[in-house]
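Undergrad: Can you read through this structure? Questions will come right after.
The values are calculated or read from the model by the stated rules, or taken from the named source; none is laboratory data. All values reported here derive from a predicted model rather than from experimental measurement. A quick note on method: Cβ atoms are made from the backbone with ideal geometry, for glycine too, and the neighbour counts reach across all protein chains shown.
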């Protein structure tokens, strides 16, 4: 057990159904007089975040809408949003959407506060100036970006996904309201859910894991595995939507302190080269990577099984290895039940870019916090198994 650790606790969180109605008054408390509201065009047109605009209007907050957020935010889209922020004279940010929207807002805030090129701020801890106020409102349950201090962006010239990270990037406030999930398409909900599950499992496997983060991650895993199927069937059911929202936020706090593993190393190049939804990619790779990590994770996976097998009599008769393998099988079964593809072949992704994706994966920061250190060839084989 690691009893030497540091915790970055992140932003204030307001959790609960209809909590988004407090947005206007929270903006006033933070002195946000002219916020830019960032979202994506599909979410805006769906009407799912009309309540955000209504709360701001009720509080007489003069906001400016930016609804051109990309699914995998690129450096060029960050520059575009920053130009608009400056042009209209905004003083703060509200990110209402999924991880891409929240990552966009954080990256724009860095560029606005520090100037230069976005590439100047790639990496960890380079940012010196505080960012303008930010309120994050997730409309998916998965990324945990509302409580993390980093942003994932695609460098269009290098064709890689990279990270901008610093404690100045934490939102001032995260409003987590599960009623906003009701209109989320089933496919996106399933991918986001697998993203949250991957965050928790990889957080536990990190050498930076601690009793604090493991407690959060284990509770997240328990909630996801208990409520996932009901939630995916109907995102408007309060109990399951609340549970999955809580699980995603807990997972975000956990991995924000521990880092992740090679599921993310493998998934990010697929987003950069094939525009595959990040959570879906995680869901495809998670069982295979868990098997790869099994030699170092047998005890932890067996412990997870106690969260997943409360009504399984066979669990009591299994040894540690059998329990660990059963955990992996249960995660695999869950992914299939919520219609996550089992292979990349099902999505018509071929071996094109295999070499460069393997290289990019091997050079990712997540390799450092994976429990088993892979070679580039190991990562290539993990791709090949699913291609």
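Undergrad: Evaluate the following for residue 111: is it in contact with a helix residue (DSSP H, G or I) (Cβ under 6 Å, 6 or more places away or on another chain), over 23 Å from residue 20 (Cβ atoms), touching a residue at least 12 places away in the same chain (Cβ under 8 Å) and in a helix (DSSP H, G or I)?
TA: Working: in contact with a helix residue (DSSP H, G or I) (Cβ under 6 Å, 6 or more places away or on another chain): yes; over 23 Å from residue 20 (Cβ atoms): yes; touching a residue at least 12 places away in the same chain (Cβ under 8 Å): yes; in a helix (DSSP H, G or I): yes.
For residue 111, the condition - in contact with a helix residue (DSSP H, G or I) (Cβ under 6 Å, 6 or more places away or on another chain), over 23 Å from residue 20 (Cβ atoms), touching a residue at least 12 places away in the same chain (Cβ under 8 Å) and in a helix (DSSP H, G or I) - is met.
Undergrad: When you check residue 34 against the structure, is it buried (at least 17 other Cβ atoms within 10 Å of the Cβ), farther than 20 Å from residue 100 by Cα and more than 21 Å from the chain's Cα centre (by Cα), yes or no?
TA: Here the answer is no, as residue 34 does not meet what is asked.
Undergrad: Taking region 32-48, which residues are touching a strand residue (DSSP E or B) at 6+ places or on another chain (Cβ under 6 Å) and part of a helix (DSSP H, G or I)?
TA: Across region 32-48, the qualifying residue is only 43.
Undergrad: Oh, and also: If we scan region 49-61, do we find a residue that is part of a helix (DSSP H, G or I) and crowded, with 23+ Cβ neighbours inside 10 Å?
TA: Checked region 49-61: at least one residue is part of a helix (DSSP H, G or I) and crowded, with 23+ Cβ neighbours inside 10 Å.
Undergrad: List every residue pair whose Cβ atoms lie under 6 Å apart, where the two residues are 6 or more positions apart in sequence or sit on different chains, the first residue falls within region 345-363 and is under 12 Å from residue 386 (Cα atoms), and the second residue, located anywhere, is assigned to a loop (DSSP other than H, G, I, E, B).
TA: So the pair list comes out as 347/341; 351/387.
Undergrad: Restricting to region 67-100, name every residue that is surrounded by 21 or more Cβ atoms within 10 Å (Cβ to Cβ), within 25 Å of the chain's Cα centre (by Cα) and not in a helix (DSSP H, G or I).
TA: 69, 73, 92, 93, 94, 95, 96, 97, 98
Undergrad: Continuing with this model, one more query. How about region 345-367: which of its residues are touching a strand residue (DSSP E or B) at 6+ places or on another chain (Cβ under 7 Å) and surrounded by 17 or more Cβ atoms within 10 Å (Cβ to Cβ)?
TA: Once the filter is applied, which keeps residues that are touching a strand residue (DSSP E or B) at 6+ places or on another chain (Cβ under 7 Å) and surrounded by 17 or more Cβ atoms within 10 Å (Cβ to Cβ), region 345-367 yields only 360.
Undergrad: In region 114-133, how many residues are in a loop (DSSP other than H, G, I, E, B), in contact with a helix residue (DSSP H, G or I) (Cβ under 6 Å, 6 or more places away or on another chain) and more than 21 Å from residue 31 (Cα to Cα)?
TA: 1
Undergrad: Also, quick follow-up: Would you point out which residue out of 330, 342 is assigned by TED's automatic domain parsing to the domain that holds residue 192, under 18 Å from residue 263 (Cβ atoms) and either crowded, with 17+ Cβ neighbours inside 10 Å or in contact (Cβ under 8 Å) with a residue 60 or more places away in the chain (or both)?
TA: None of the other options fit; the residue is 330.
Undergrad: Taking region 258-272, which residues are in a helix (DSSP H, G or I), in contact with a helix residue (DSSP H, G or I) (Cβ under 6 Å, 6 or more places away or on another chain) and surrounded by fewer than 24 Cβ atoms within 10 Å (Cβ to Cβ)?
TA: From region 258-272, those in a helix (DSSP H, G or I) are 258, 262-272; that's our starting set.
Filter once more, keeping what is in contact with a helix residue (DSSP H, G or I) (Cβ under 6 Å, 6 or more places away or on another chain): 258, 262-267, 269-271.
271 - this is the single residue of region 258-272 that is in a helix (DSSP H, G or I), in contact with a helix residue (DSSP H, G or I) (Cβ under 6 Å, 6 or more places away or on another chain) and surrounded by fewer than 24 Cβ atoms within 10 Å (Cβ to Cβ).
Undergrad: Whether any residue in region 171-178 is within 21 Å of residue 77 (Cα to Cα), modelled with pLDDT of 95 or more and under 17 Å from the mean Cα position of the chain (by Cα) is what I want to check.
TA: Yes; the residues of region 171-178 include at least one that is within 21 Å of residue 77 (Cα to Cα), modelled with pLDDT of 95 or more and under 17 Å from the mean Cα position of the chain (by Cα).
Undergrad: Here's a follow-up. If you take just the strands (runs of 3 or more DSSP E) that sit entirely in region 134-216, which of them hold at least 3 residues that are touching a residue at least 24 places away in the same chain (Cβ under 8 Å), touching a helix residue (DSSP H, G or I) at 6+ places or on another chain (Cβ under 6 Å) and over 29 Å from residue 17 (Cβ atoms)?
TA: 150-155, 160-165
Undergrad: Does residue 243 meet the test of being buried (at least 24 other Cβ atoms within 10 Å of the Cβ), on the phi < 0 side of the Ramachandran plot and touching a helix residue (DSSP H, G or I) at 6+ places or on another chain (Cβ under 6 Å)?
TA: So residue 243 does not fit the description; no.
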